[in-house]
There are 2 protein chains.
Amino acid sequence: MNDAPAHIEAHWADEYFRRLEALPGPDEEAYTAARARQKSLTKPPGALGRLEDLACWLAGWQGRERPRLESVEALVFAGNHGVIAQGVSPYPASVTAQMVENFKNGGAAICRLCEAYGAELTIVPLDLDRPTADMTQKAAMSADECRDAIARGAHAVKPGRNILLLGEMGIGNTTSAAALCCALLGGKPEDWTGPGTGLDAPGVARKAEAVGRAIALHGIHCANPFEALRRLGGRELAAICGAILEARARSIPVLLDGYVCCAAALVLEKARAGALDHCLGGHLSAEPAHGRLLAALGKEPVADLGMRLGEGTGAGIALGILRGAVAVHNGMATFADAGIDDRE
Amino acid sequence: MNDAPAHIEAHWADEYFRRLEALPGPDEEAYTAARARQKSLTKPPGALGRLEDLACWLAGWQGRERPRLESVEALVFAGNHGVIAQGVSPYPASVTAQMVENFKNGGAAICRLCEAYGAELTIVPLDLDRPTADMTQKAAMSADECRDAIARGAHAVKPGRNILLLGEMGIGNTTSAAALCCALLGGKPEDWTGPGTGLDAPGVARKAEAVGRAIALHGIHCANPFEALRRLGGRELAAICGAILEARARSIPVLLDGYVCCAAALVLEKARAGALDHCLGGHLSAEPAHGRLLAALGKEPVADLGMRLGEGTGAGIALGILRGAVAVHNGMATFADAGIDDRE
């Protein structure tokens, strides 16, 4: 642990702790009304399982008995990472900017999922020509850089959205995610390190070794989760934190994506338990450590389809499922409407 | 087992065995082309997990590299069951016809899912005023009744569909499903008996006891799976068999629903291994035995959301996921299109 209390060491993050002290909760009245509505619908109680829970959860956060999915946004943040100098990705850093172009041209997976499931897609590239520093050598970001990225994430959240999907792109960023999880949840580097975009076994070992060196250098300073974010994270991870915090302030529910997105979200949960109550785990990624991370966050993933792409694609699939949940919740007849005999 | 070979005992079903001898397979060329396309798309190989498999599976059965989901039909068959005299359901038989009205009026869960995910819904009530016989006393159907129901299922399949969703409604039909599974897969009645629409523990015990009596009466005749269907099934289960068989003849892929739908499908799989190659397991139902049944069928469910409603709702959710799989498969850019650097 740290000699100086972490919140003293990292005054730059004090404002976030203050904001985390006063988070709006769900609308309990709307939630209760939604639960009552579910019980009145023409099906045995509970027979729609998770679909019922999802609709009621949305009702609570949106503050209306019948939730809407009319205004849906997917935000994808992109950043570059100095740590790729350590050979932690099979792809070159140039791919981040190329994929941003692909997002803008509609050619990426998240573009097609947003079109299929009705979400507006906004891409936020974050200083791609200025990668973060190599975390095995020094802190990935200065306090100003980290604060700036958090602010840009917050500013990207438009008011009035019914739900927000979060995703990311950044060659090297599963290494940041692994280091953050290791620093904030403990365990060994290899517990949190996986193939990412497709490293072979020697590559994964190299990546775990890089995570280990980063933890050796920064771990003592990571009792403050925002300091962990600054030292081990990246701009797109910081932006995700900012977006989650801003969405909470506006009572906009959030669909989290995979390993990198959830590692960023972990910063907030460690800073304040319950900070992610307005967030759903969109899916269980095939990245091996994601299941353990979701468990640490207390999130049960909506989908489990062996995906490991990032970009918000897991959140996108979850949006597709939410559309079904909302359609049945809002549109089904009640036993009274339909004149159907209830249980004997 | 049986003294006389089962296919001799039940000549009424010989035509189905003949049809099962000559089943079209998938288009291997289209499947291979779809796999090649997946490898060319702007993502790490395999990063979309099951979505890739689903799109390629559809491509193979539709015989085109880029599958379509433009013409989608959900067929919901409804039947009534004499076995409810044994106290196996908390709902009265009147609910089957009332739910059929609810389907027609758009008030049921499957109606809302079909609208949300773009499927045309057709309801096929099967002689609701003539319940099958109580299988604890005699065979549920005569050979003519069973053949008629199979034919009506087949005739409901319209040519040219891109995919077919199958569902059912019938108070008492999880008892038929449990009996069919027990007869065709072995084990004890209680291994296959669950709460269905919501029986309490004494109700489940009563239901298992009814299944046990049905197996004692008919089990010796059930080496022929169609004879098991006739004795233990119901009209909606027989219609599902007919629809699956007809869809296969027309190379239309099928999304199966939950426990009852899969128990009906089991008849075909037992009659001819591979008969369900054109079928996907839409979801894992909360009905406890469904997981074991899916494993026996070799089907990995697409969704796992704790649903247990029937009506085709699990297939409906799976259709929603398939829409995402097809959208990314057909619409994503290739590495060459997008000018993105491949792996180093």
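Below is a table of values for the structure above.
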quantity: Residues located in the stretch A:10-19, provided they are in contact with a helix residue (DSSP H, G or I) (Cβ under 9 Å, 6 or more places away or on another chain) and surrounded by fewer than 19 Cβ atoms within 10 Å (Cβ to Cβ); calculated: A:His11, A:Trp12, A:Asp14, A:Glu15, A:Phe17, A:Arg19
quantity: Residue list for the stretch A:33-86, restricted to those being among the aromatic types (Phe, Trp, Tyr) and open to solvent by less than 10 Å² (accessible area, probe 1.4 Å); calculated: A:Phe77
quantity: Members of the stretch A:270-304 found to be over 20 Å from A:Arg248 (Cβ atoms) and free of Cβ contacts under 8 Å to residues at least 12 places away in the same chain, listed by number; calculated: A:Gly291, A:Ala295
quantity: Some residue of the stretch A:266-283 being buried (at least 21 other Cβ atoms within 10 Å of the Cβ) and under 20 Å from A:Gly198 (Cα atoms); calculated: yes
quantity: Residue check for B:Ala22: open to solvent by 40 Å² or more (accessible area, probe 1.4 Å) and either acidic (Asp, Glu) or free of Cβ contacts under 8 Å to residues at least 40 places away in the same chain (or both); calculated: yes
quantity: Exclusive hit being in contact with a helix residue (DSSP H, G or I) (Cβ under 6 Å, 6 or more places away or on another chain) and either within 30 Å of B:Val95 (Cα to Cα) or not charged (D, E, K, R) (or both), set A:Ala22, A:Ala116, A:Ala47; calculated: A:Ala116
quantity: Residue satisfying all of: in the stretch A:305-336; surrounded by fewer than 21 Cβ atoms within 10 Å (Cβ to Cβ) and without any contact (Cβ under 8 Å) to a residue 60 or more places away in the chain; farthest from A:Glu168 (Cα to Cα) among these; calculated: A:Gly331
quantity: A:Leu293 being in a loop (DSSP other than H, G, I, E, B), more than 30 Å from B:Gly118 (Cβ to Cβ) and open to solvent by less than 10 Å² (accessible area, probe 1.4 Å); calculated: no
quantity: Checking B:Pro67 against (1) free of Cβ contacts under 8 Å to residues at least 60 places away in the same chain; (2) in a loop (DSSP other than H, G, I, E, B), the condition it does not meet; calculated: (1)
quantity: Members of the stretch A:296-335 that are outside any loop (DSSP other than H, G, I, E, B), away from chain B (no Cβ under 11 Å) and either small (Gly, Ala, Ser) or more than 30 Å from A:Lys207 (Cβ to Cβ) (or both); calculated: A:Ala296, A:Ala315
quantity: Residues satisfying the stated conditions in the stretch B:25-61, i.e. of a type in the set (D, E, K, R), within 14 Å of another protein chain (Cβ to nearest Cβ) and within 26 Å of the chain's Cα centre (by Cα); calculated: B:Arg50, B:Glu52, B:Asp53
quantity: Selection from the stretch A:62-102 of residues that are touching a helix residue (DSSP H, G or I) at 6+ places or on another chain (Cβ under 6 Å), within 13 Å of chain B (Cβ to nearest Cβ) and not aliphatic (A, V, I, L, M); calculated: A:Arg66, A:Gly87, A:Asn102
quantity: Matching residues in the stretch A:247-285 - criterion: being in a loop (DSSP other than H, G, I, E, B) and among the hydrophobic types (A, V, I, L, M, F, W, C); calculated: A:Ile252, A:Ala273, A:Ala275, A:Leu276, A:Leu284
quantity: Residues that are touching a strand residue (DSSP E or B) at 6+ places or on another chain (Cβ under 6 Å) and charged (D, E, K, R), drawn from the stretch A:159-203; calculated: A:Arg161, A:Glu168
quantity: Failed condition for B:Ile340, given (1) in a helix (DSSP H, G or I); (2) of a type in the set (A, V, I, L, M, F, W, C); (3) at the interface with chain A (Cβ under 8 Å from one of its Cβ atoms); (4) more than 18 Å from B:Gly167 (Cα to Cα); calculated: (1)
quantity: Residue in the stretch B:296-304 that is basic (Lys, Arg) and in contact with a Pro (Cβ under 9 Å, 6 or more places away or on another chain) present; calculated: no
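Okay, residues lined up against (1) β-branched (Val, Ile, Thr); (2) touching an Asp or Glu at 6+ places or on another chain (Cβ under 7 Å); (3) within 23 Å of A:Ala228 (Cα to Cα):
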position	(1), (2), (3)
A:Leu245	no, no, yes
A:Gly274	no, no, yes
A:Arg308	no, yes, no
A:Val328	yes, no, no
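The values are calculated or read from the model by the stated rules, or taken from the named source; none is laboratory data. Values in this document were obtained by computation on a predicted structure and should not be read as measured data. Here Cβ is always computed from backbone atoms with ideal geometry, including for glycine, and neighbour counts include all displayed protein chains. We work out accessible area using only protein heavy atoms, side chains counted, and drop any ligands, DNA or RNA first. Shrake-Rupley method; radii C 1.70, N 1.55, O 1.52, S 1.80 Å.
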